[in-house]
Amino acid sequence: IYGQFTGAESLPVNGRMGGGYIHSSTNVVGVLGQLRLSFYPGVDFGFIGGLARVDFTGGNRTTVRLGSDFKVRVYAQGDSFPAAIAFGGAIGLESGDNFHVLSLGPTLVASRKFSLGPSAAIVPYAGLTFQFSNVDTGKKTESDFSVPLRFGSNFVLGPQLNLALELQLNLGDSFNDDVELAAGVNVPF
């Protein structure tokens, strides 16, 4: 719902990754942190949380964002298939003073790794979510369906650090801004 900030390849079994990101759009600026884990081959999941400042006509709010997602690798990149593909699901909650948003939906992501040497690579990815949301602003409650698209890339600088850059297009979303940009780091440990 807030983004996985990674491609379709899952973490290795018992793998862990932490991340920190700054995201902004016309009416929102915030920070997010993520913890991703894997306990089964081809499957990983993540927990994400952070704060955002939301500006809208009913008044400005500071909100807390919490979410979780999982992804299951369907295809791994290799000689027989040119990209990695994974599907999964996500749920997110944003809450502030008289402002609450609950979102959930299935996700799909595809990525391809381009090696640049023994430990460097670029991993562009694209993802989409079929998102169902419910917003409660105290005076008004609405439900919405949208299709957020995520286009991003991980820039692997070494085995323990990669940079993440992501553009999010919230198609058909009547609650959020249409375009959001996020940047941060992912650190496997």
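The values are calculated or read from the model by the stated rules, or taken from the named source; none is laboratory data. From a predicted model like this one, the values you see are computed outputs, not experimental measurements. Here the Cβ positions follow ideal geometry from the backbone for every residue, glycine too, while neighbour counts run over all protein chains shown. Only protein heavy atoms, including side chains, enter the accessible area calculation; ligands, DNA and RNA are left aside. Shrake-Rupley method; radii C 1.70, N 1.55, O 1.52, S 1.80 Å.
Points worth noting:
Residue by residue, here is whether (1) out of contact with any Lys or Arg (no Cβ under 9 Å at 6 or more places or on another chain); (2) crowded, with 18+ Cβ neighbours inside 10 Å; (3) on the phi > 0 side of the Ramachandran plot holds:
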| residue | (1), (2), (3) |
| --- | --- |
| Leu104 | yes, yes, no |
| Val109 | no, yes, no |
| Phe114 | yes, no, no |
| Ala120 | yes, no, no |
| Pro124 | no, no, no |
| Thr129 | no, yes, no |
| Asn134 | yes, no, no |
| Phe145 | yes, no, no |
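- Counted residues, segment 38-61 - those being open to solvent by 30 Å² or more (accessible area, probe 1.4 Å), of a type outside the set (Phe, Trp, Tyr) and either assigned to a strand (DSSP E or B) or touching a residue at least 12 places away in the same chain (Cβ under 8 Å) (or both): 7
- Qualifying positions in segment 170-189 - closer than 25 Å to Phe99 by Cβ, in a strand (DSSP E or B) and more than 12 Å from the chain's Cα centre (by Cα): Asn170, Leu171, Val179
- Pick from segment 123-157, criterion of a type in the set (Lys, Arg) and not in a strand (DSSP E or B), ranking: nearest to Gly88 (Cα to Cα): Lys140
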